[in-house]
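Written out below as structure tokens is the structure these notes cover.
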Amino acid sequence: MTIWIEIDLCNGCKLCMKACPYGAVELENGKAHILERCTSCGACVEACKQKAIQTDAQPRSIPDFSDRKGVWVFAEQRHGKLNRVTLELLGKARELADTLNQDVSALLLGHGVSDLGETLISYGAQKIYLVEHPTLKDYRTTAYTQVIQGLVNQFKPNVFLVGATHLGRDLAPRVSRRVGVGLTADCTELEIDPDESILLQTRPAFGGNVMATIANRYSRPQMATVRPGVMEAEERLDNKGDILKHEISLFEEDMDTRVLEVVKEKRRRVDLSEAKVIVAGGRGVGDAGGFKVLEDLAAAMGGEVAGTRVAVEEGWIPSDRQIGQTGQSVRPELYIACGISGAIQHRAGMMNARYVIAINKDPRAPIFQVADWGMVGDLHEVIPEMMAQFKAGRNE
Amino acid sequence: MDIIVLVKQVPDTTEVKLDPKTGNLIREGVESIINPDDLHALEAAVDLQETHGGKVTALSMGPPQAIDAISEALGMGVHEGILLTDKAFGGADTWATSFTLGKAIEKIEEYDLILCGRQAIDGDTAQIGPQVADYLNIPQVSYVCEIETIEEDALVAKTRLEDGFERIHCGLPALLTVIGELNTPRYPLMGRALDACKEKAPIKVWNAADIGVQTSQVGLEGSLTHVIKTFAPKFKRETEMLEGDTREMVGDLMGRLKENRLI
Ligand SMILES: Cc1cc2nc3c(=O)[nH]c(=O)nc-3n(C[C@H](O)[C@H](O)[C@H](O)COP(=O)(O)OP(=O)(O)OC[C@H]3O[C@@H](n4cnc5c(N)ncnc54)[C@H](O)[C@@H]3O)c2cc1C
Ligand SMILES: Cc1cc2nc3c(=O)[nH]c(=O)nc-3n(C[C@H](O)[C@H](O)[C@H](O)COP(=O)(O)OP(=O)(O)OC[C@H]3O[C@@H](n4cnc5c(N)ncnc54)[C@H](O)[C@@H]3O)c2cc1C
């Protein structure tokens, strides 16, 4: 495909420059000009209000999908334990389904997992497709893909959400290719477009430096993987749901992979996504001893300690406590950032906190831009003072 | 053991900076590199070839300048490079990319193993590996951190999980997506890399017709998802800076935490 500018139509508004993820549009004599870097991704075409950006791509008609109904969530479980992201997806799915006036269903695959159905219902699932079979006991890509393909083809959902976990990011692309649909990766925002009634899927790309909104107009279901820790789970104890058993035939002899062994690493896995309070530290904490003080504050407030990549690299905290683009995303009630500069890769993991407190000795540190309350000062003085006043307040 | 390695050329996003005034990306002078995960895939392929023999092919779809990535792969010891380049391939989503790569692999025909990176640092989707595997109808193992054993018709690999790992037995041919933990990539040999830039270098360049695809099946036209908008991430909040000495600031803070029922 080729993209070009109709110079006469261009009014030099620069919207295309803002839209280009590759920085491949420049202004030349007040008109847009496309550079060699262009990958023809088409983002600018959509952005141009003057219709000055043209392509030789054939206009495509959008098929009629009015028979496609329902928002589906893949219920991720391993060894009978439900992944928390499933509940977060159900929360979001209910919101989308309410807007579309459709239902939420969960797909529960495994062996001996039927009792998880009640949990799924209490978090908003109105229908559960339960598929139990010995070959589904361990997660295996091709077996799960085959079963989901059958369900999608039979029940024709409109939207299908999968957690962007290790398992989800192994499974979802395989399923999307198999059923012939587009897939948006690792979304952090989902909403229904009021005009087209399609799912607008927003996700970070370029290592969190760019946010892109993606539409899935030409195939159904509209499929997306969703970043854990970003959406909100909501318990709905009055919700009613049906569990529908779905029979399949699969044979162990046909399986192309076998799980030989599952090894849990010895360290206690911390699930920061469940923490209400997170006390996070960065380079400014100074040493492992400094983190002990943060840990004490976290413990006193009933929270968990976490940190930046620098804190992990220095060996002050284990890597499973890293917050950010290459660590975990969290959404606690309270996030206390101590001696953290607020790099974009760090912010990517904590921007969904409800309240943020920042403590930094540099008043220009970017972390203050994302904080609700900022304190300029030495954390080695501020934290002990917080501890003292917190304890005093509790004893009152 | 014939191995195909999927290699993507990407802008070095670790170098990308934001313009503090406009919030836009500053891309001037950003280098193009081989996607970091793919270096580990290349290392694993060359390493396996050294023990088990066979041929290693690097396959990349991209603009003409992506040939640099292929030359670097040859410098690391890959035998042959194939660049898929055509205006028609531009603007592809992962659906169209996996189709295009899949078609090229069908044309290469001979392979026992396909290695690719888990995730590219620009598109960041981690979808290409599983989608190519599905197109070719072969099994996949993703997040591979160790290849324990490999025989004619099967391998055993370790796959990284959030809380540990799994050991998986997988029939061949198969596709593995690999992560940095797998190995330490070697540096390209200077002489080999220079030879790779010469005219008689073992690099093939294929366009849409060469792999037998219609322009409507590839690139933006063949895509099912489309980027409709991009913007700089918004992270700003209404910040209130607390004033006074440490005691006063913290006292002030405690009041606010109580007001908002946070403590
Ligand atoms: C591809 C990529 C992925 C990345 N992923 C992540 C990620 O997932 N998570 C992550 O966190 N980072 C990530 N990073 C790294 C990130 O870019 C930053 O380098 C990192 O977050 C900075 O950590 P920091 O804030 O601890 O350190 P610095 O940036 O060094 O900041 C230290 C801060 O502490 C303050 N300070 C010092 N002493 C004191 C004191 N006594 N009292 C109060 N304040 C003090 C300083 O003023 C400064 O603002 C990634 C980078 C790349 C390139
Ligand atoms: C801002 C933005 C957002 C996007 N979001 C989506 C989205 O949500 N869904 C979607 O379908 N598409 C999306 N795309 C398009 C997507 O980036 C392209 O399809 C790209 O060609 C492949 O995806 P990736 O870079 O994410 O690769 P990944 O799937 O992350 O790459 C994994 C591995 O596959 C191999 N590989 C990937 N691309 C190539 C290649 N061209 N040649 C050889 N090997 C390769 C490499 O080994 C690589 O390590 C987006 C593009 C942009 C610019």
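Computed from the C-beta positions of B:E248 and A:D271 and an R0 of 60 Å, the FRET efficiency is 0.95 to the nearest 0.05. Give, as ranges by residue number, the residues of region A:164-182 whose backbone N falls under 12 Å from the point 7 Å along Cα→Cβ of A:H111. Within reach of a label on A:H111: no residues.
For chain B, take the longest principal axis of its alpha carbons; what is the angle in degrees between that and the long axis of helix B:246-259, to the nearest 10 within 0 to 90? The angle comes out at about 80 degrees. Per-residue packing, averaged as other Cβ atoms within 10 Å, sorts the ranges B:104-117, B:33-46 into the order B:33-46, B:104-117, beginning with the highest.
Entry note, chain B: relative contact order of 23 percent, from Cα contacts under 8 Å with a spacing of 6+ residues.
Taking the DSSP beta bridges in the protein assembly as shown as the whole, what percent of them are antiparallel, to the nearest 5?
Working: 48 of 121 bridges.
If we restrict to bridges inside the protein assembly as shown, about 40 percent are antiparallel.
What is the average number of partner chain Cβ atoms found within 10 Å of a Cβ in B:165-175? Kindly include the intermediate steps, with their values, before the conclusion.
On the way: counts 5, 9, 6, 9, 7, 5, 4, 1, 0, 2, 0.
Mean shielding by partner chains, rounded to a whole number: 4.
For chain A, the cysteines with no partner cysteine C-beta closer than 4.7 Å are A:C10, A:C13, A:C20, A:C38, A:C41, A:C48, A:C187, A:C338. Using a simple spin-label model with pseudo-atoms 7 Å out from Cα toward Cβ, A:D8 and A:E295 lie 7.3 nm apart. Net length available on complete extension from B:S216 to B:R192 is 4.8 nm, with 0.36 nm assigned per residue and the Cα-Cα distance removed. Give the separation of the Cα centroids, region A:127-201 to region A:1-77, in Å. Using only Cα atoms, the two centres lie 27 Å from each other. Mean separation of Cα pairs under 8 Å and 6 or more residues apart, divided by the residue count, gives region A:272-395 a relative contact order of 24 percent.
State the answer as a single residue: which of A:W4, A:T326, B:A174 lies farthest towards the positive end of the charge dipole of the protein assembly as shown, with beta carbon charges of +1 for Lys and Arg and -1 for Asp and Glu, about the Cα centre. Sorting the options by dipole projection puts first A:W4. Nearest 10 degrees, 0 to 90: what angle lies between the long axis of helix B:94-108 and the longest principal axis of chain B (Cα atoms)? Helix B:94-108 sits at roughly 20 degrees to that axis.
The length gained by stretching the chain between A:D195 and A:T99 to full extension, at 0.36 nm per residue less their Cα-Cα distance, is 33.3 nm.
For region B:105-250, averaging the sequence separation of C-alpha pairs within contact (under 8 Å, six or more residues apart) and dividing by the residue count gives a relative contact order of 19 percent.
With a ≥ b ≥ c taken as the square roots of the eigenvalues of the C-alpha gyration tensor of region A:1-121, please select rounded if a/c is under 1.5 and otherwise prolate if a/b is larger than b/c or oblate if it is not? It is prolate, given that a/c is not under 1.5 and a/b is the larger ratio. For B:R167 and B:E240, the FRET efficiency from 1/(1 + (r/R0)^6), where r spans their Cβ atoms and R0 equals 41 Å, is about 0.20.
If both residues of a DSSP beta bridge must be in region B:2-217, then about 40% of such bridges are antiparallel. With neighbour counts taken as other beta-carbon atoms within 10 Å, the residues A:L116, A:L237 rank, fewest first, as A:L237, A:L116. Most tightly packed first, judged by the mean number of other beta-carbon atoms within 10 Å of their residues, the peptides A:137-149, A:173-185 read A:173-185, A:137-149. Separation of region A:281-339 from region B:74-113 is 42 Å, based on Cα centroids. Taken residue by residue and averaged, Cβ atoms of other chains lying within 10 Å of the Cβ of A:176-185 number 6. In terms of other Cβ atoms within 10 Å, A:H246, A:H346 run from fewest to most in the order A:H246, A:H346. The charge dipole of the protein assembly as shown, taken about its Cα centre with unit charges on the Cβ of Lys, Arg, Asp and Glu (plus for the first two, minus for the last two), comes to roughly 1040 debye.
In peptide A:12-21, how many Cβ atoms from other protein chains are near each Cβ within 10 Å, on average?
Working: counts 0, 0, 2, 0, 0, 2, 7, 5, 4, 8.
Counting Cβ atoms of other protein chains within 10 Å of each residue's Cβ and averaging gives 3.
Note on B:S32, A:S219, B:S71: ascending count of other Cβ atoms within 10 Å places them as B:S32, A:S219, B:S71, the fewest first. All C-alpha to C-alpha distances of region A:148-210, sorted into 5 Å bins beginning at zero, yield P(r) values of 4, 15, 23, 23, 21, 10, 3, 1 percent in whole numbers.
Given R₀ = 22 Å, what would the calculated FRET efficiency be for B:N207 paired with A:Q58, taking r from the Cβ atoms and rounding to 0.05?
Details: r = 19 Å, r/R0 = 0.87.
With R0 = 22 Å, the Cβ-Cβ based efficiency is 0.70.
Here, each number is a calculation from the coordinates, and none is a lab measurement. Being a predicted model, the structure only gives us computed values, none of them experimental. Cβ coordinates were reconstructed from backbone atoms using ideal geometry, including for glycine residues, and neighbour counts include every protein chain displayed.
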